[in-house]
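Down below is the structure, laid out as structure tokens.
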Amino acid sequence: AWGRGIAPALLGAVDEQGRTGGWTRLELLVIDANDRAKRAYERAGWRPTDETVLDADSGRIEWRFVRSITLRRSTDA
């Protein structure tokens, strides 16, 4: 399903869930060797940090990515 816009739709839903939950900063870990995923996250506004984690189960290096989101203002008067 590559190239069909599924990743942007899912990541948009993640943003919306974060807003609904009142979060302003989201974080995820991505496997270092997964360049396609890293590019998709960056296109969606996620930014890599300099923090890596060694996954104990797989032994793979994972990078922490972050994304800031803004909460919607209430339109209730």
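Looking only at segment 13-41, filter to residues that are exposed (fewer than 14 other Cβ atoms within 10 Å of the Cβ), touching a residue at least 12 places away in the same chain (Cβ under 8 Å) and under 12 Å from the mean Cα position of the chain (by Cα); which one of those is farthest from residue 69 (Cα to Cα)?
Only one residue fits best here, namely 27.
For segment 1-55, enumerate the residues that are among the basic types (Lys, Arg) and within 18 Å of residue 72 (Cα to Cα).
19, 25
Any idea how many residues of segment 49-71 are of a type in the set (Phe, Trp, Tyr) and farther than 21 Å from residue 13 by Cβ?
Number satisfying all stated conditions: 1.
Mind checking which residues of segment 42-72 are surrounded by 12 or more Cβ atoms within 10 Å (Cβ to Cβ) and among the hydroxyl-bearing types (Ser, Thr, Tyr)?
Scanning segment 42-72 gives 52, 68.
How many residues are surrounded by 14 or more Cβ atoms within 10 Å (Cβ to Cβ) and at pLDDT below 90 when one looks only at segment 1-12?
Qualifying residue count for the region: 1.
The values are calculated or read from the model by the stated rules, or taken from the named source; none is laboratory data. A quick note: this is a predicted structure, and the numbers were derived from the prediction, not measured. All Cβ positions, glycine included, derive from the backbone under ideal geometry; neighbour counts span all protein chains shown.
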